[in-house]
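The structure under discussion appears below in the form of structure tokens.
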Amino acid sequence: MQGTFDFFDDQGNRPKNRERLFFCLMPDDETRNRVSRIGDRLFSEKRLRGTRLKTERLHVSLQHVGDYKRLRTKLLYAAQLAGKAVSARPFDIKFRFVQSFEPAPHKRDRQPLVLLGEGGDALSDLFRTLGIAMTQVGLKMTTEFNPHMTLSYGPQPVPIQAIEPVGFVVKDFVLIHSRLGLTRYEVIDRWPLAA
């Protein structure tokens, strides 16, 4: 099962590889705000502690290109070629449940709290098609996929439970450059899904 990418913790532990490149789905502003309110409610009702993701960083990861000390132009170019090679139609993604994922063994106090995503065959096909396109340009693909949107990282586990459904129409996917530890995303490229 795919967990969350092991993002930098804000506790001063500098990652060895400081630059990350990945493909993801970014929700629209209205959806991001609704998801943020769900997070507010969960934190209040369950008295959760932890680090929340900034609203503008909420996303659904598709494929992880890699983590690097320094992002090289050839890797960026290969990722852009892979993204350009993908063709898919718009589709709906829904989130009906929330739960904590198992944390990395060395980060027991950083359990990811996530919304579980449902996108049917269209989402699985996009994940797989993008992965195949990555291998064709010399990149490695992720083979396991558990669609989710991470809300926070914290010490308390939250068992799976239903939430008021929230979702959005996926109209494109993006390539993100993340400088680990700076909590900022740079959108490198965006590919629309054709109707």
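The values are calculated or read from the model by the stated rules, or taken from the named source; none is laboratory data. This structure is a prediction, so every number in the text was calculated from the model and none was measured. Counting neighbours? That spans all protein chains shown, and the Cβs are built from the backbone with ideal geometry, glycine included. In case anyone asks, the SASA skips ligands and DNA or RNA and just uses the protein heavy atoms, side chains included. Shrake-Rupley method; radii C 1.70, N 1.55, O 1.52, S 1.80 Å.
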**Request:** Return the only residue of V60, V114 being under 23 Å from E186 (Cα atoms) and in contact with a Gly (Cβ under 7 Å, 6 or more places away or on another chain).
**Result:** V60
**Complete:** Looking across segment 33-63 at residues that are among the basic types (K, R) and open to solvent by 40 Å² or more (accessible area, probe 1.4 Å), the single one that is farthest from G154 (Cα to Cα) is R34
**Message:** If a residue must be of a type in the set (S, T, N, Q) and within 21 Å of G66 (Cβ to Cβ), how many such residues does segment 79-123 contain?
**Reply:** 1
**Request:** Give segment 39-63 a look and list any residue that's outside any helix (DSSP H, G or I) and modelled with pLDDT under 95, or say none.
**Result:** R47, L48, R49, G50, T51, R52, L53, K54
**Prompt:** Taking D67, is it under 22 Å from L123 (Cβ atoms) and part of a strand (DSSP E or B)?
**Reply:** no
**Request:** Would you confirm whether any residue within segment 105-115 is within 13 Å of S61 (Cα to Cα), in contact (Cβ under 8 Å) with a residue 40 or more places away in the chain and crowded, with 17+ Cβ neighbours inside 10 Å?
**Result:** yes
**Asked** Counting just the residues of segment 122-149 that are under 13 Å from L62 (Cα atoms), open to solvent by less than 70 Å² (accessible area, probe 1.4 Å) and β-branched (V, I, T), which one comes out modelled with the highest pLDDT?
**Response** T129
**Asked** If a residue has to be surrounded by 12 or more Cβ atoms within 10 Å (Cβ to Cβ), of a type outside the set (S, T, Y) and assigned to a loop (DSSP other than H, G, I, E, B) to count, how many in segment 150-183 make the cut?
**Response** 7
**Prompt:** Which one is nearest to A133 (Cα to Cα) among residues in segment 66-93 that are at pLDDT below 95 and touching a Lys or Arg at 6+ places or on another chain (Cβ under 9 Å)?
**Reply:** G66
**Those residues of segment 150-181 which are β-branched (V, I, T), within 27 Å of A194 (Cβ to Cβ) and touching a Leu at 6+ places or on another chain (Cβ under 6 Å), in sequence order** = V170
**Message:** Contact list please: Cβ distance under 7 Å, first residue in segment 54-65 and within 13 Å of V174 (Cα to Cα) and among the basic types (K, R), second residue open to solvent by 40 Å² or more (accessible area, probe 1.4 Å) and part of a strand (DSSP E or B), pairs at least six apart or on different chains.
**Reply:** R57/Y185
